[in-house]
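Below: the structure, in structure tokens.
The values are calculated or read from the model by the stated rules, or taken from the named source; none is laboratory data. None of the values given here were measured: they were computed from a predicted structure. Note that each Cβ is placed from the backbone with ideal geometry, even for glycine, and that neighbours are counted across all protein chains shown.
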Amino acid sequence: MNIVFFGSPNSAIPSLIKILEAGHSIKLIITQPDKPSGRGKKLMPCPIKRMAQELNIPTHQPIKIRKDSLALDKIKKIQPDLNVVVAYGQIIPSEIIYLPKHNSLNVHFSLLPKYRGASPVQWALLNGEEKTGITIFELNKKMDEGDILIQDEVKISPYENAAELETRLAQKGAELLIKTIAQIDKIKPYKQDHSQASYTAKLSKENGKIDWAKNANYIERQVKAFTPWPSAYTFFKNKRIKIHKGRKKESQTKPYSLPGVILEINKEGIKACCGDGSIYLIEILQPENKKQMFAYAYSLGAKLKPGETFT
């Protein structure tokens, strides 16, 4: 099958590779423009463009695909049988969606209609879901509202963060995509129950800011949901500290303990007081402008003491 592929981040790579391994042809990849990165703000390509360069597949990077007539012209010349979209990052216009023989399929990392939008993995973790999944659906003009072709449920491990869960979903999604393409003339799509829909907000750095007045269960989910981006963080002496790993402790604080106060430091890590008298154990963190390290090692270098406070 002749395919145009739309995608940008690492999570789109397994689908791209599986399509090629299945013997299909990708004539063009539509991806996001290069973005400034690092201290020097050098323009860097996204993971899918780097993969396309390795595979010698032509790419096109519209700033706004809805206003880019060149994208439509390039796709028309290819005359694809199908468009495949995996975490592309832009709303695709109807004239591109319905151009191929089989229109356009999207690989979405949730069990639609739950968690429509750009960050379904993060919000499923933040909300403490025990399961999520993959949905292959037909694109239409509305966000994630198209008819469903196939779904597969995935259990969420109590220990995995967003990066780890997304990696699993990306692989599962790639496998399901290939099965769908192979049966595309036989599968009968069905409509979503829009009354059951939920939506994910676009992530910002503010989402990662820890409020120690929340209970430790919530903070545990927040750290998992926002690792690696936008990251969960707190402050100590006006320096930002990213928290990469930690967990709720079953013990309770004393009634007069204030949220954010460091209760205890040992080789396990740093125990901080949270809301409802709960305790969160910080195990791995990253001080501002430094590398990740064990929380106990950080406490020695920073001369942290019980009674001091994260803000």
Report summary line: Just one listed residue, out of Lys179, Lys188, is assigned to a loop (DSSP other than H, G, I, E, B) and either at positive phi or not hydroxyl-bearing (Ser, Thr, Tyr) (or both), and it is Lys188
Query raised in the report: Cβ-Cβ below 9 Å, separation at least six or inter-chain, first residue in segment 300-311 and within 18 Å of Tyr280 (Cβ to Cβ), second acidic (Asp, Glu): which pairs?
Result: Pro306/Glu264
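Out of everything in segment 59-90 that is assigned to a helix (DSSP H, G or I) and under 25 Å from the mean Cα position of the chain (by Cα), what residue ends up being surrounded by the most Cβ atoms within 10 Å (Cβ to Cβ)?
Keep residues of segment 59-90 that are assigned to a helix (DSSP H, G or I), which gives 65-67, 69-78.
Keeping just the survivors that are under 25 Å from the mean Cα position of the chain (by Cα) gives 65-66.
Numbers: Ile65: 21, Arg66: 13.
The selected residue is Ile65.
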Query raised in the report: Within segment 94-107, can one find any residue that is touching a residue at least 24 places away in the same chain (Cβ under 8 Å), under 16 Å from the mean Cα position of the chain (by Cα), in a helix (DSSP H, G or I) and closer than 29 Å to Asn207 by Cα?
Result: no
Report summary line: Here the residues within segment 250-269 that are under 16 Å from Asn217 (Cα atoms) and buried (at least 19 other Cβ atoms within 10 Å of the Cβ) are Thr253, Pro259, Gly260
Query raised in the report: How many residues are surrounded by 11 or more Cβ atoms within 10 Å (Cβ to Cβ) and either more than 18 Å from the chain's Cα centre (by Cα) or assigned to a helix (DSSP H, G or I) (or both) when one looks only at segment 192-209?
Result: 5
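Conditions (1) surrounded by 20 or more Cβ atoms within 10 Å (Cβ to Cβ); (2) out of contact with any Leu (no Cβ under 6 Å at 6 or more places or on another chain); (3) at pLDDT below 95; (4) closer than 18 Å to Gln292 by Cβ, marked per residue:
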| site | (1), (2), (3), (4) |
| --- | --- |
| Asp152 | no, no, no, no |
| Asn161 | yes, yes, no, yes |
| Ala174 | yes, yes, no, no |
| Ile184 | no, yes, no, no |
| Lys224 | yes, no, no, yes |
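Considering only segment 46-58, state which residues are within 12 Å of Gln32 (Cα to Cα) and either assigned to a helix (DSSP H, G or I) or small (Gly, Ala, Ser) (or both). Lay out the reasoning, then the answer.
Step one: of segment 46-58, the residues within 12 Å of Gln32 (Cα to Cα) are 46-50.
Matches in segment 46-58: Pro47, Ile48, Lys49, Arg50.
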